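Below is one structure, written out as structure tokens, with a few remarks after it.
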């Protein structure tokens, strides 16, 4: 098995990033590499330029994301960790696949519709062809499995469609160019919401710093944010059904469960009937205990730019070596002369 997954380098990494994606990467690394399988994790900096961005911020955020991933448990000695920009084969393969991908397929992508909004004429070509680059990201390495959440299922299906059509058009059944990747549905990740609005997802773009727990937050800041998190005056119920219509309460209980490795029902069995004056300090202490080692390591790592760059260079060299055979097969299949 070869698992491939990417994440866009964004600044201000928070609890939602950790519980929603990064922790699952660590779990897969620990499980699959122990069985002799390969895990490739990349920073999707080429994807980031599909939207307006500040170049200096992108460079800084890429290094910060490496620091966060390593602090959270990604081991560059066991996983291949790199950024797309250092592996030009990603962009090369995207172009080679552009003759196979179809406009109709891309027009149906829901994320294209959501991100472009009503200003499709003003959106970048990169935003429209973003899913073709995503296909190249996984097909380049002959990925057998790709972890996907609900919002990425459609893109993996597109990657499989592109691979299948390319194989049908330019290869034989006996010797296909591309492996069709299968999805890995990670253990259900907690959907972490804003501490100020239980109906909105926790986000770095929220203007209120009190809406999220950042990985850089110290113990006092974490406790303050949790104690000031929006709630309601009622005590916690003893069963999950009692959280219906109480989004802020449900969010805090979900965070506790995700960090403690407990179900919502188990958390409510312990805290049911108690008020937030009791529950919030308990949640704050749990977060401080679990996040403190990550926080310390993250702050230490992000100050060492040379070490972060070395991690990326090493991972990129390994990724480039893995990419060459697929890229050469693709050129040959298309009849492009390289010698």
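The values are calculated or read from the model by the stated rules, or taken from the named source; none is laboratory data. Just so we're clear, the structure is a prediction, and the values are computed from it rather than from any experiment. No Cβ is skipped: glycine too gets one built from the backbone with ideal geometry, and neighbour counts run over all protein chains shown.
Filter the range 205-247 down to the residues that are under 12 Å from residue 280 (Cα atoms) and not in a loop (DSSP other than H, G, I, E, B) and list them by number.
222, 223, 224, 225, 226, 227
Inspect the range 147-156 for any residue being within 27 Å of residue 332 (Cα to Cα) and in the same structural domain as residue 23 (by TED's automatic domain parsing) and give the result as yes or no. Before you say what the answer is, go through the steps one by one.
Initially, the range 147-156 is screened for residues within 27 Å of residue 332 (Cα to Cα), giving 155-156.
Subsequent filtering for residues that are in the same structural domain as residue 23 (by TED's automatic domain parsing) retains 155-156.
Checking the range 147-156: at least one residue is within 27 Å of residue 332 (Cα to Cα) and in the same structural domain as residue 23 (by TED's automatic domain parsing).
Can you find, within the range 173-188, the residue that is nearest to residue 14 (Cα to Cα) among those that are buried (at least 16 other Cβ atoms within 10 Å of the Cβ) and modelled with pLDDT under 90?
186
Can you pull out the residues in the range 16-52 that are touching a residue at least 40 places away in the same chain (Cβ under 8 Å) and part of a loop (DSSP other than H, G, I, E, B)?
44, 49, 50, 51
Answer with yes or no whether residue 333 is in contact (Cβ under 8 Å) with a residue 12 or more places away in the chain and surrounded by 13 or more Cβ atoms within 10 Å (Cβ to Cβ).
Numbers: in contact (Cβ under 8 Å) with a residue 12 or more places away in the chain: yes; surrounded by 13 or more Cβ atoms within 10 Å (Cβ to Cβ): yes.
Criteria met by residue 333.
Would you check if there is a residue in the range 148-170 being under 20 Å from the mean Cα position of the chain (by Cα), at pLDDT below 90 and not in a helix (DSSP H, G or I)?
yes
If you scan the range 301-322, which residues turn out to be more than 15 Å from residue 79 (Cβ to Cβ) and free of Cβ contacts under 8 Å to residues at least 24 places away in the same chain?
The answer is 303, 304, 306, 307, 310, 321.
Residue-wise test of (1) out of contact with any helix residue (DSSP H, G or I) (no Cβ under 6 Å at 6 or more places or on another chain); (2) more than 19 Å from residue 46 (Cα to Cα).
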residue	(1), (2)
132	no, no
141	no, no
147	yes, yes
155	no, no
159	no, no
166	yes, yes
171	no, yes
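Got a sec? Which of 286, 308 is in contact with a helix residue (DSSP H, G or I) (Cβ under 9 Å, 6 or more places away or on another chain) and surrounded by 17 or more Cβ atoms within 10 Å (Cβ to Cβ)?
On the way: 286 fails: surrounded by 17 or more Cβ atoms within 10 Å (Cβ to Cβ).
Just a single option satisfies the conditions, and that option is 308.
Name the one entry in 317, 241 that is in the same structural domain as residue 91 (by TED's automatic domain parsing) and at negative phi. Let's see the steps before the verdict.
Details: 241 fails: in the same structural domain as residue 91 (by TED's automatic domain parsing).
Within the list 317, 241, the selection yields 317.
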